[in-house]
Amino acid sequence: MSTTVTQITPADPLGQYSFDKLEPYSHPPETKVDLPWAELVTLNLEEFDRPGGKHRLAAQLEHAVHHVGFFYVKNFGLTQEQVDRQFTLAKNFFKLPLLEKDKYSVDYVNADYNGYRRAGLRTIRSATAAAEKGNEGIKDNYEMYNFAKFTKDFEGKYSHPDLIRVHLPEIETFAKTLHSNIILPLLRLFAIILQLPDEEYFARQHEYTKRSEDHFRYMIYNKRTPEEHEASSYQQVQGHTDLGSLTLLFRQPVAGLQILGEDGNWTYVSAQPGTITVNLADTLSHLTGGYLKSSIHRVVAPPRDQWAYDRTGLLYFARPHSDTVLHPITDSPLLERAGVRPRFDKEVTMAEWVKSKQTMQLNPDRYDKKRKDGAVELIGGYKDKVYT
Ligand SMILES: O=C(O)CCC(=O)C(=O)O
Ligand SMILES: [Fe+2]
């Protein structure tokens, strides 16, 4: 009688991807240049479960969510070591050969953002060079690797290089912790601010196990030469709003992220130790008729003393369930007083909204050609704007 032996290949037979074998990420030194920094509030999330804590935090956030759209959180239940391990994976992933990374490519045509997004999709033209005939502009210099939610909807849908595959359980725990420790508590604070009868209103639209297009991202802005900075007019990512509900940006010291203030000035977000930067995005605006502010932000070239460094980022993008209809909430006394209006001229679901804006983001040159005064219609009469 013959026996069948199933050969199980260990994911990492030589332990070649264990952390002690990977080149560790180390945080570049902060700039010494005196930049105009944004003044943002910092929420201590440890307060949340203390008596009266939620209401104190909500009061602290009230102004920021309506006027600024950006703030910091601290004490979110992850150690610096856990965070740095993700930076190390990001750094080592982007060092893989382009051909290897491209095997895990995002689906540009179908606007599926999960996987690897190569550099160079968008053409940046400098203000002066644009006028010169035949000028080709310069391509963007950032790469991304997006992880879908770790739920049954996406099980087996995406493969990963071995480097990532062997660390997937840790990445999964990391992403889920961001969702439970930061996203859900913040959504409860927004419900309190809007005086909703149901404090779980937004949280219920963001259950981890339900289908939605949240993703956790590794990102890198590859360093540029002085000539490249000049050719790109010191731009990296043009001013935009994010499409989901909340974006989390891990602290990384290479300066470049800027916010457009109500006074029309751009200020830099600084790298506060132990914090994550949070920004509100389009969907919270859609659900509140514009009351919650989807913040306009951009990334510019770092100051000169940081030109020698790549800018590595960890980001988490939260989004409501794909079947959520994006019309404004009707039972908020505060929103009623503010007289909010729908943002679309027809019923639009989250899935439709994601598809329309992601198609634009993955095919930027095509849409940039159609823009008038920075705006282009996406869906239901809604115009997306970019800012320089
Ligand atoms: O890299 C950053 O600091 C921000 C990136 C960003 O705005 C985005 O990916 O939407
Ligand atoms: Fe953004």
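Computed from the coordinates by the stated procedures, all read-outs in this text should not be read as laboratory data. Keep in mind that this is a model prediction, so the values were computed, not measured. No Cβ is skipped: glycine too gets one built from the backbone with ideal geometry, and neighbour counts run over all protein chains shown.
For THR123 and ASP310, the FRET efficiency from 1/(1 + (r/R0)^6), where r spans their Cβ atoms and R0 equals 22 Å, is about 0.55. For the pair ARG371 and LEU35 in one chain, pulling the backbone fully straight at 0.36 nm per residue adds 117.8 nm over the alpha carbon distance. Can you work out the PRE-style zone for ALA338? Point 7 Å along Cα to Cβ, and I want the residues of segment 60-97 with backbone N under 12 Å. Counting backbone N atoms under 12 Å from the label point, the list is 62-69.
Extension gain, GLU207 to LEU99: 0.36 nm times the residue separation minus the Cα-Cα distance gives 35.3 nm. With the chain treated as a Gaussian network of Cα nodes joined by springs under 10 Å, which of ARG337, ARG319, ARG311 yields the largest mean-square fluctuation? Largest GNM mean-square fluctuation: ARG337.
Pick from ARG118, ARG343, ARG304: which residue has the top mean-square fluctuation in a GNM of the chain where Cα pairs under 10 Å get a spring? In the Gaussian network model the winner is ARG304. Between LEU260, LEU168, LEU243, the GNM of the chain built on Cα springs shorter than 10 angstrom shows LEU168 fluctuating the most. Going by neighbour counts of Cβ atoms within 10 Å, the residues TRP37, TRP266, TRP353 line up, fewest first, as TRP37, TRP266, TRP353.
Within the chain, the proportion of Cα pairs with more than 36 Å between them is 23 percent.
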